[in-house]
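The values are calculated or read from the model by the stated rules, or taken from the named source; none is laboratory data. Being a predicted model, the structure only gives us computed values, none of them experimental. Heads up, the Cβs are rebuilt from the backbone with ideal geometry, glycines too, and the neighbour counts pull from every protein chain shown. Heads up: the accessible areas ignore ligands, DNA and RNA and are worked out on the full protein's heavy atoms, side chains in. Shrake-Rupley method; radii C 1.70, N 1.55, O 1.52, S 1.80 Å.
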Amino acid sequence: MSRRFFNPSRTAVIALTTATLMLAGCATIEPTPYVPLTGDALVDGNAQLAVARAKDKVLWEYRIAATAMRRGLFEEARAKLDDALAQAAANYGNINSEAARSRRMFRKESDKPFVGEPYERAMASFYRGIVYWSVGEPDNARALMRSAQLLDSDTVDKTYAGDYVLFDYLDGYASEKLGGDGSDALARSRANARAQGRATPPDYDRKANVMIFAEYGRGPRKYAGGEYSEQLKFTTDQSRARGAILQIDGRTVKLPAYDDINFQATSRGGRIMDHVLGNKAVFKGTTNTVGDVALVGAAVSANNIRRYDGSYNKDAANVAIGLAAIGIISKIASSAANSEADTRTWDNLPQYISFAALRLAPGEYPATLTFVDASGNPLPSGTRQITLTVPAPDPSIGAAPQDTVIFLSELPN
């Protein structure tokens, strides 16, 4: 009487096919449209934005906004920041479907819509606050500074929560401009400065009508570390520029480094998403190990399919086939699990940000801006001749006094 035995090769094919179908389609690669570059960061950025996938649009808007700020194109920056901040708020916390799908085991972190790390979202709010101030809306500027500080408050290690110097300082300054009391915000700002060994912000001058914002150095960039690239890490370069000096109208205005964005990026402790990435990495490692053990077990069982007397050992065959199937599926699952951290980076942020306020009558002022090293020595090619314009007050009846906002940057625009 003939006996029917399992066919190992047929079973292995079925197992492999099933596993492949289970995991197929989990990672599709969309081609990146080719965009010819002109060398103009604003033109090229807008061209990239026009063809960018929806999940990357906020990133390009952040980058374009920074370039626009450096060119004094505040309206361009406003449009990009308004859209980026709205999209980031909508997508934060993986609310929408794309973001939710990205949290599944077999989808990459970079599949979710970009919102940025807290320091990136904070800088977007900071820039938007500057733009509000430039159009005579210090109340809205204050709201954005508070939002920026709040975005820095979700650290695991609360030592580093909400510790920007300038955000609190400008919060209080806007309050003073609006006739309120900014002393509490000033005290917080100075406490943060002391804790970080930074320059102490000066007292507020309500009558100052020129608000000068400055930035210098190159900010952090992201990369992935760990066995499965599950760790989000940062590359930081120490800026040669450690301060700036503005000579204008016979005065010397110091622009010290009140905040270090590299420090903010790297001192946050853990993130909620770290746990998601960590779980993926554990899954990847576990399934890979299970696969190895199962395949070794299958090989051992296969050696026992034939007994010493030459008869067929059905139990050993079934065990070998089962272990082989488990091993194949586990190895495929391990390979398909995407534990990689999202390394998309707002890559044209500064390292340092600064601020000063002064009183100037309406008119044009030739000025010298000098970036200096840690010892206060001028950097080679670090001196620029600029002209600052303070417009005359609006003669309209009832028009509120409006500050002149100047944005100075060492970074290329």
Measure off 7 Å from each Cα along the Cα-to-Cβ vector at Asp203 and Tyr365, then give the distance between these two points in nanometres to one decimal.
-> 2.0 nm
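How much length is gained on full extension from Leu37 to Ser396, taking 0.36 nm per residue of separation minus their Cα-Cα distance?
Values: separation 359, 0.36 × 359 = 129.24 nm, distance 4.54 nm.
Extra length from Leu37 to Ser396 when fully extended: 124.7 nm.
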Thr252 to Asp184: FRET efficiency via 1/(1 + (r/R0)^6), r the Cβ-Cβ distance, R0 30 Å, to the nearest 0.05?
-> 0.50
Consider a paramagnetic label point 7 Å from the Cα of Asn413 along Cα→Cβ; state which residues of region 115-155 have an amide N under 19 Å from it.
-> 124-136
For Ala214, the residues 5 or more places away or on another chain with a placed amide H closer than 5 Å to its own amide H are Ser354, Phe355, Leu408
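Label region 176-252 by shape, choosing from rounded, prolate and oblate, from the square roots a ≥ b ≥ c of the eigenvalues of the Cα gyration tensor; if a/c is under 1.5 it is rounded, and otherwise prolate applies when a/b is larger than b/c, oblate when it is not. If you can, show how the numbers build up before the last one.
On the way: a/c = 2.97, a/b = 1.82, b/c = 1.64.
In terms of gyration-tensor shape, prolate.
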Along Cα→Cβ, 7 Å out, is where each label goes; now give me the distance between the ones at Glu75 and Gln385 in nm to one decimal.
-> 3.0 nm
Segment Asp347-Thr235, length gained on full extension (0.36 nm per residue, minus Cα span) | 39.2 nm
Quick one: accessible surface of Leu150, probe radius 1.4 Å, all protein chains present, in square angstrom to the nearest 10.
-> 130 Å²
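With an 8 Å Cα cut-off and a minimum separation of 6 or more residues, compute the relative contact order for region 219-269 in percent.
On the way: 50 pairs, mean separation 15.2, N = 51.
Across region 219-269, relative contact order equals 30 percent.
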Starting at the first residue of region 179-191, write each ³J(HN,Hα) from the Karplus equation 6.51 cos²θ - 1.76 cosθ + 1.60 with θ = phi - 60°, in whole Hz, x for Gly and Pro.
-> x, x, 10, x, 5, 5, 5, 4, 5, 5, 4, 5, 5
Could you state the per residue volume, in Å³, of the convex hull enclosing the Cα atoms of region 45-91?
-> 55 Å³
Residue by residue through region 114-121, which ³J(HN,Hα) values in whole Hz follow from phi under the Karplus form 6.51 cos²θ - 1.76 cosθ + 1.60 (θ = phi - 60°), with glycine and proline marked x?
-> 6, 10, x, 6, x, 5, 6, 5
